[in-house]
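What follows is a set of notes on a single structure, which appears directly below.
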Amino acid sequence: MEHTYSVGSNPVVYDRQHLHVLFAGESQTLPLHQVGPKIYDYYLMHFIESGFGTFRTEERKYELGPGDCFLIHPGQLVSYVSDEDQPWRYRWAAFTGTDADALVLQTGFTPQKPVLSTAEGSVFPGALAGMMRAFYTGKESAHLTSLGYLYLLVGEAAELLLASSRLPGAESQVKRTVKQMIHYMAAQYAHPVSIEQMCASLGYNRAYLSRIFKQETGLSPVTYLLKLRIEKSRLLLRERPELSVEQVAASVGLTDALYFSRQFKRFCAQSPTAYRIATARHGEK
């Protein structure tokens, strides 16, 4: 077996950026090829494409193989060695920056939990290869491209690690799902989205979501979304006097101005126009 090694460096020099990928590379190692024990002053992520090896931290050792990933934290004493019979081929990327610690914290990677196993179709190999290709171009835009790939990596890592660390049980699942629904509505209220679209996006049927949402909040999803839209419209009516009622309605995702006015009166006991006049007169905020 032949030893191969390739690495591409970021053409933009690190200068205390919030987040910065330093370099990305790949290697087919020889049997029993060892790195360390040593420490790094940046984060170093490895993804194993084929073969096997052992990753050691100060606390424990991990026997790893295809599809596994390990993240070395700055200042962590580590070593890693490839298998004698089937030495690993891996890709890696190093990153740093003032926001790097917070980003890694969000993924669930810790010095005590530095390993994850990916599934088929993982973004890891493609994203790491993409970083290296971008750096090989030598263009300054490769810096931004590499950050895009890094976010893909940490996004998948967060999903896998946080899913594995969640407490089992129907109650925690229900609370998480309701929280997802609230986030969805808060992000999408300005668009003419429907509850059906939200249910499809979250992958549950409407009857189930409506039941658990009412159980947790006391409101149906339809009523919650409508109340959210009316609250946002009150703010616009007060602070944007140049907008017509029709424009306010459209800005909160309701394309039928008559329906909007009717619902506004239902929740606020006065029409949008009357509300706007009253708040302007009294200088209410």
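Nothing in this text is a laboratory measurement; each read-out follows from the coordinates by a stated rule. Quick caveat: nothing in here was measured; it's all calculated off a predicted structure. With ideal geometry, Cβ positions are generated from the backbone for all residues, glycine too; neighbour counts draw on all protein chains shown.
Work out, in µm²/s and without decimals, the Stokes-Einstein translational diffusion coefficient of the range 20-120 at 10 °C, 1.306 mPa s, Rh from Kirkwood over C-alpha pairs. Working shown, then result.
On the way: Rh = 13.7 Å.
Here the translational diffusion coefficient equals 116 µm²/s.
Taking square-rooted eigenvalues a ≥ b ≥ c of the alpha carbon gyration tensor, is the range 172-273 rounded, prolate or oblate, where a/c under 1.5 means rounded and, failing that, a/b exceeding b/c means prolate?
It is prolate, given that a/c is not under 1.5 and a/b is the larger ratio.
Which GluC sites (Glu not before Pro) from the range 185-273 combine a DSSP loop assignment with at most 13 other Cβ atoms within 10 Å?
Glu242
Amide H of Leu22: which non-local residues (sequence gap of 5 or more, or other chain) have their own amide H closer than 5 Å, using H built in the peptide plane?
For Leu22, whose amide H was placed from the backbone, the distant partners under 5 Å are Ala94, Phe95, Thr96.
From the phi angles alone, apply the Karplus equation (6.51, -1.76, 1.60; θ = phi - 60°) to the range 108-115 and give each ³J(HN,Hα) in whole Hz, x where the residue is Gly or Pro.
x, 5, 9, x, 7, 9, x, 10
Work from the charge dipole of the chain (Cβ charges, +1 for Lys and Arg, -1 for Asp and Glu, about the Cα centre) and give the residue of Thr118, Leu209, Leu243 farthest towards its positive end.
Going by the Cα projections, it comes out as Leu243.
Over all Cα pairs of the chain, how is the pair count split among 10 Å bins, expressed in % and running from 0 up to the last occupied bin?
Once binned at 10 Å, the Cα pair distances of the chain give 6, 21, 22, 17, 17, 11, 5, 1, 0.
Check which residues have an amide H placed less than 5 Å from Ser50's amide H, if you skip close sequence neighbours.
Placed amide hydrogens put Arg89 under 5 Å from Ser50.
Projected onto the charge dipole of the chain (+1 at Lys/Arg Cβ, -1 at Asp/Glu Cβ, origin at the Cα centre), which of Tyr40, Gly65, Leu152 gives the Cα projection farthest towards the positive end?
Towards the positive end, the residue furthest out is Leu152.
Using a simple charge model, +1 on the beta-carbon of Lys and Arg, -1 on the beta-carbon of Asp and Glu, nothing else, what dipole does the range 4-162 show about its Cα centre, in debye to the nearest 20? Walk me through the intermediate numbers first.
On the way: 10 positive and 17 negative charges, 52 e Å.
Value, rounded to 20: 240 debye.
Pick from Met181, Met132, Met45: which is most flexible by mean-square fluctuation in a GNM of the chain where alpha carbon atoms under 10 Å apart are linked?
With Cα springs under 10 Å in the chain, the top fluctuation among Met181, Met132, Met45 is at Met181.
If all Cα-Cα distances of the range 39-175 are sorted into 5 Å bins from 0 onward, what percent lands in each bin, rounded to whole numbers?
Spelled out bin by bin, the range 39-175 gives 2, 9, 18, 21, 21, 14, 8, 4, 1, 1, 0 percent.
For a quick check of your reading of the filter: which trypsin sites (Lys or Arg not before Pro) in the range 1-66 sit in a DSSP loop and have no more than 11 other Cβ atoms within 10 Å?
Here the trypsin sites (Lys or Arg not before Pro) that fit, given the DSSP loop and packing criteria, are Arg16, Arg60.
What aspartates and glutamates sit close enough to Lys175 to cross-link, taking a C-alpha to C-alpha distance under 14 Å and skipping anything fewer than 8 places away on the same chain?
Counting by Cα, and skipping residues close in sequence, Lys175 has these aspartates and glutamates nearby: Glu216.
Suppose every K and R has +1 on its Cβ and every D and E has -1 on its Cβ; what is the size of the dipole of the chain about the Cα centre, in Debye to the nearest 20?
Charge dipole of the chain: 1940 debye, to the nearest 20.
On a 27 Å Cα-Cα criterion, which of the cross-link pairs Lys113/Lys214; Lys38/Lys113; Lys179/Lys232; Lys61/Lys179; Lys113/Lys139 come out too long?
Flagged as over cut-off: Lys113/Lys214; Lys61/Lys179; Lys113/Lys139.
If you plug each phi of the range 131-142 into the Karplus form 6.51 cos²θ - 1.76 cosθ + 1.60 with θ = phi - 60°, what whole-Hz ³J(HN,Hα) values come out, in order, with x for Gly and Pro?
4, 5, 4, 4, 5, 5, 5, x, 7, 5, 5, 4
Whole-Hz ³J(HN,Hα) for each residue in the range 71-86, computed from phi via Karplus 6.51 cos²θ - 1.76 cosθ + 1.60 with θ = phi - 60°, x for glycine and proline: what do you get?
10, 8, 8, x, x, 8, 6, 9, 8, 8, 9, 7, 5, 6, 9, 10
Of Ser261, Gln76, Thr107, which is farthest along the charge dipole of the chain in the positive direction, counting Lys and Arg as +1 and Asp and Glu as -1 at C-beta?
Going by the charge dipole, the pick is Ser261.
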